[in-house]
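Engineer: Have a look at this one.
Only the coordinates and a few stated rules stand behind these numbers; no lab work does. In this text the structure is predicted, and so the values were computed from the model without any measurement. Ideal geometry is used to build each Cβ from the backbone, glycine not excepted, and the neighbour counts take in all protein chains shown.
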Amino acid sequence: MDLNEKELIANLKSVEKREKAFQLLVKTYQERLYWHIRKIVMNHDDADDILQNVYIKVWRNVDGFREDSSIFTWLFRIATNESLTHLQKQRRHSVISMNEITDSLAESLETDVYFEGSEIEKKLQLAIIQLPDKQRIVFNMKYFDEMKYEEMSEILNTSVGALKASFHFAVKKIEDFLKEDLK
Amino acid sequence: MYRKEMKEKDKNIEHQFGNPKIEPPFRVPEGYFETFADRLKARIEEEEHHVIKRSVFFYLKPVLSMAASIALIILLVNAPIRKFLSPEKVDLAVQQSNNDSSGSNNSISEDLLSYLSEDQFLSAVTDMDNLEPRTLSADNLAHYIAADYNDYEIITEN
C-alpha cells in the first residue's frame, strides 16, 4: 500500500475529509470497476445499478475496512460479489433453467444497444457467456484486464493454482464453442 | 507437463483471437462516467433521507398504534351504548334532569321514587286496604288540596 493510498484511506475514515476523499475514490476507480461488472452481467443498466451499490457499500462500511489489502482489491472484491449476487438473484427469482439464463444473457447481448463489436467479437462474447459465472470472471480478468494471478487470487479469494486451472478450462471451452460455431 | 500444456494453450489464444489485448466491444451512454459521481451522490443523499424518515416513524409507530387501538375500542363500545339509549330517551332524561323541583309533578314523583325502595313502595300499595281509615276531616281535606299532593305522596304519607 503506497503513501497516497494510506492517505486516501485515512481521509475516508475522517468525518471532515470523507466526502472529498470519496469523490476521489469514485473518479479513480469508476471506469475500471464498471467494465469489470459489465463483463459479468453484460447489461449496461444492471452494471450501472451494481456499480452504484458497490460505492454505497463502500460509503457505509469504510470504517470497517481492515486495510489488510489494497483499496483497489477491496473495491474489486465487493464489485465481484455484488455481480455474482445479482446473477444468483436472477436465477432465484425466475423459474427458468440454467441454460435459459445463459440464453437470456445471450439475448441481452444481441439486443444491447451499447454493443458495438464486430461479428467475431460477438461470437467471442457469446462463447464467454456459456462459461460458469466464476470461470467467466477469471477469464475476463486475465484476458481483458491482464491482471496477475496473485492479484486475482486476493480479489477472488482463490488460490493461484485454482485460478490458472480455471483459466485453462475457460479457454478450452471457448475454443470448442467457436469451433462448433464454425461448422 | 500440465503447465507446459497450459502455456501452449495461452499462446493459442493469441493466435486464435488475434491481439489478446482486445477491448470488450461494449460502449456506455454518452457522458456516463462524467455524471456518475453526481448521480451516485444524489442516490446516497436520498437513501439517507429515507433512513431518517423511517427511524422517526419507527419510534412513533407504537404510540400511533396504541392511540388507534384506544380510539377503536371507544368506537366499538360507544356505538352500541348510544343505540341502546335511543335519542328520545336520552333527550327526555336530559330534560327531566334540568327541570326545577317545583315544576312538573312527574319530576317530584320520580324524586320520591328514588328515595323509596321497591319493597317500601309495594308494601305501601298493598297495605292500602289494611290501612286504618283515617278520619277525613275538613281540615285534612283542605290541607291535602292546598298541598297539591300527588298519589305517591298520599300513599307514602304516614
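Engineer: All other residues with a Cβ under 10 Å from the Cβ of A:Ala79 taken together, and with Lys, Arg as +1 and Asp, Glu as -1, what is their net charge?
Structural biologist: On the way: positive: A:Arg32, A:Lys57, A:Arg77; negative: A:Glu82.
Net charge around A:Ala79: +2.
Engineer: Something else about it: Using modelled amide H (1.01 Å from N, peptide plane; none on Pro or chain starts), what sits under 5 Å from the amide H of B:Phe26, excluding residues fewer than 5 places away?
Structural biologist: A:Glu116
Engineer: Nearest 0.05, what FRET efficiency do A:Glu5 and A:Glu150 give at R0 = 25 Å with Cβ-Cβ as r?
Structural biologist: Values: r = 18 Å, r/R0 = 0.70.
That pair, A:Glu5 with A:Glu150, gives E of 0.90.
Engineer: Hey, another quick one. What ranking do A:Arg18, A:Arg92, B:Arg39 get, fewest neighbouring Cβ atoms within 10 angstrom at the top?
Structural biologist: Ordered from fewest to most neighbouring Cβ atoms within 10 Å, A:Arg18, A:Arg92, B:Arg39 come out as A:Arg92, B:Arg39, A:Arg18.
Engineer: When Lys and Arg each count +1 and Asp and Glu each count -1, what net charge do the other residues less than 9 Å away from A:Leu156, Cβ to Cβ, add up to? Walk me through the intermediate numbers first.
Structural biologist: On the way: positive: A:Arg77, A:Lys134; negative: A:Glu154.
It works out to a net charge of +1.
Engineer: Once label points are set 7 Å from the Cα along Cα→Cβ at both A:Lys17 and A:Ser104, what is their separation, rounded to one decimal in nm?
Structural biologist: 4.5
Engineer: For peptide A:124-133, how many partner chain Cβ atoms fall within 10 Å of a residue's Cβ, on average?
Structural biologist: Details: counts 5, 3, 0, 0, 1, 0, 0, 0, 0, 0.
For this peptide, the per-residue mean of nearby foreign Cβ atoms is 1.
Engineer: Sort B:Phe57, A:Phe139 so that the residue with the fewest other Cβ atoms within 10 Å of its own Cβ comes first and the one with the most comes last. Working shown, then result.
Structural biologist: Values: B:Phe57 10, A:Phe139 22.
Least to most surrounded, the residues fall as B:Phe57, A:Phe139.
Engineer: Kindly put A:Asp176, A:Asp112 in sequence by how many other C-beta atoms sit within 10 Å of each C-beta, fewest to most. Intermediate values should be presented prior to the final figure.
Structural biologist: Details: A:Asp176 12, A:Asp112 19.
The most exposed by this proxy come first: A:Asp176, A:Asp112.
Engineer: On to the next question. Counting GluC sites (Glu not before Pro) as exposed when in a DSSP loop with at most 12 other beta carbons within 10 Å, what is the longest stretch of chain A free of them? Please list the in-between numbers first.
Structural biologist: On the way: sites that count: A:Glu16, A:Glu116, A:Glu146.
No qualifying site falls inside A:17-115, the longest such stretch.
Engineer: Can you give me the relative contact order of chain A as a percent, contacts being Cα pairs under 8 Å and 6 or more apart?
Structural biologist: Working: 128 pairs, mean separation 37.4, N = 183.
Here the relative contact order equals 20 percent.
Engineer: Right, something else. Can you work out the FRET efficiency for the pair B:Met66 and A:Ala165, with r the C-beta to C-beta distance and R0 = 51 Å, to the nearest 0.05? Intermediate values should be presented prior to the final figure.
Structural biologist: Numbers: r = 63 Å, r/R0 = 1.23.
After rounding to 0.05, the efficiency reads 0.20.
Engineer: Please work out the FRET efficiency for the pair A:Thr158 and B:Leu85, using the Cβ-Cβ distance as r and a Förster radius of 56 Å; give the result to the nearest 0.05. Write out the running numbers ahead of the final one.
Structural biologist: Details: r = 80 Å, r/R0 = 1.43.
Efficiency computed from Cβ-Cβ geometry: 0.10.
Engineer: Expressed in nm to one decimal, what extension gain is obtained for the pair B:Val51 and B:Phe33 from 0.36 nm per residue of sequence separation less their Cα-Cα distance?
Structural biologist: Values: separation 18, 0.36 × 18 = 6.48 nm, distance 2.75 nm.
Here the answer is 3.7 nm.
Engineer: Based on the alpha-carbon set only, what is the convex hull volume of the stretch A:117-183 divided per residue, in Å³?
Structural biologist: On the way: hull volume 4.9 nm³, N = 67.
Value for the stretch A:117-183: 73 Å³ per residue.
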